[in-house]
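Nothing in this text is a laboratory measurement; each read-out follows from the coordinates by a stated rule. As the structure is a prediction and not an experimental result, all values here were calculated from the model. Reconstructed Cβ throughout: ideal geometry from the backbone, glycine too, with neighbour counts over all protein chains shown.
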Amino acid sequence: MKTALITGATSGIGAATARILAQDHRLILCGRRTEQLDAIARELQSQTAVFTLSFDVSDSLAVSAAIDSLPPEWSAIDVLINNAGNAHGLDRFQDGDLDDYKAMININVLGLIYVTKAVLPLMEQSLNGHIVNLSSIAGKETYTNGTVYCASKAAVEALSQGMRMDLLERGIKVTNVAPGAVETEFSAVRFKGDQQRAAQVYQGYTPLTADDVARAIHFAIGQPDGVQVADITLFPKAQAAATLIKKN
C-alpha cells in the first residue's frame, strides 16, 4: 500500500483528501492544530494506518525536524499533497497589511518549497512518486484586491511546472490542482473570522465542496504509471472565471 503525506490535513480540502485516500493509502497527516489532527487520525485509523506530524509549514526548521522524525517504517513516501495554504485579507495592494502579505508568501510559497525539499529524499525509494500542489484559479487569473494572494498562487503554478521538468528524469509525477470557489474555512480565514462576510461569498449559487476537490486529487494519483495528469482546473457549474459567478 502506498504512503501519502498531506499538509493542511486538519480541515477543508486536506481533511477531505485524507478521507478519500484512506481507501487505498497509508496516511501521514500534517497540520498545526494538534487537536483536530488527532481527531481526524482517530476517525481514519479503522480504515488505514495513520501517522501524524504537527508543524508549521512556514518554519523551515520545524518542517525538517518533523520529516526527519519519521520512524523507519514511515520513511518511504509515495505521494506528497501540498495542500496547506491561506488567504489573508481582501484589499487593494496599497491598502493591504504587510503581515498578511508575508503570511501568504511564507505559507503558500515557501511552505510548499520547504515541505517538498524535505520529502523528496524519501521519495527516492518510490517507483511511482507523485507530488500534488494545490494552486487556485487565482494562480491563473489575477483579480482586484487579491494581488499578493494571486501572486502566491501563480508561484505555485510555476513551481508545479518547474518541478515537473526538473523531476522528469527521476520519474516523479507532478500534478497542479487549481480549484475555483470552494466552500471551506478559506473565506473565514481571509476575513479574519468574520463569519457573516465569509458566508456571503457562497450565497446565491452552489460552490464546490472540499470533497469535489478531493475526488479530483484521487483521480489524478490513481492513474496508471504511464499517465501523468499535469493540471486540473475545477469550477462549480455557476463559475466561468475567477470573478465571474452566476448568482441567483
Give me the extension gain from residue 41 to residue 142: residue separation times 0.36 nm, minus the current Cα-Cα distance, reported in nm with one decimal. 32.7 nm
Here, residue 215 and residue 195, labelled 7 Å along Cα→Cβ, have an inter-label distance in nm of 2.8 nm
Relative to the longest principal axis of the chain, what angle (0 to 90°, nearest 10) does the C-alpha long axis of helix 112-123 take? 20 degrees
With label points built 7 Å along Cα→Cβ from the Cα atoms of residue 225 and residue 95, find their separation and express it in nm. 5.6 nm
Against the longest alpha carbon principal axis of the chain, how many degrees, from 0 to 90 and to the nearest 10, is the axis of helix 12-21 turned? 30 degrees
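Rank these for me by crowding, 190, 197, going from fewest to most other beta carbons within 10 Å.
Values: 190 21, 197 14.
Least crowded to most crowded, the residues run 197, 190.
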In what order do 143, 114 fall by count of nearby beta-carbon atoms within 10 Å, going from fewest to most? 143, 114
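When N counts the residues of region 8-63, how does its alpha-carbon radius of gyration compare numerically with 2.2 N^0.38 Å, as a ratio?
On the way: Rg = 10.8 Å, N = 56, 2.2 N^0.38 = 10.2 Å.
That ratio works out to 1.07.
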Labelled set [x] 30, 20, 17; [y] 28, 19, 19; [z] 25, 24, 17; semi-axes √(5λ) of the Cα gyration tensor in Å computed from this model equals the value at [y]
In whole percent, what relative contact order does the chain give with Cα contacts below 8 Å and a gap of six or more residues? 19 percent
Dipole magnitude of region 2-245 about its Cα centre (Cβ charges: Lys, Arg +1; Asp, Glu -1), debye to nearest 20: 300 debye
Specify the inter-centroid distance of region 154-219 and region 1-52, based on alpha-carbon positions, in whole Å. 17 Å
Work out the charge dipole of the chain with +1 on the Cβ of Lys and Arg and -1 on the Cβ of Asp and Glu about the Cα centre, then indicate which of 110, 86, 41 is farthest towards its positive end. 86
Give me the angle, in degrees from 0 to 90, between the Cα long axis of helix 34-44 and the longest principal axis of the Cα atoms of the chain, rounded to the nearest 10. 60 degrees
Zone of residue 170 (label point 7 Å along Cα→Cβ, backbone N under 14 Å): which residues in region 93-134? 113-132
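Just to be sure I understand: if I project the alpha-carbon convex hull of region 1-96 onto a plane and average over all orientations, what area do I get in nm²? Intermediate values should be presented prior to the final figure.
Values: hull surface 28.4 nm².
Mean orientational projected area (region 1-96, Cα hull): 7.1 nm².
Sort 160, 69 so that the residue with the fewest other Cβ atoms within 10 Å of its own Cβ comes first and the one with the most comes last. Mind dumping the intermediate values first?
Working: 160 24, 69 10.
So the ranking, lowest neighbour count to highest, is 69, 160.
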Ranking request for peptides 75-88, 168-181: highest mean number of other beta-carbon atoms within 10 Å first, then the rest in descending order. 75-88, 168-181
Proximal lysines relative to residue 237, as straight alpha-carbon distance under 25 Å, when same-chain residues fewer than 8 apart are discounted: 140, 153, 246, 247
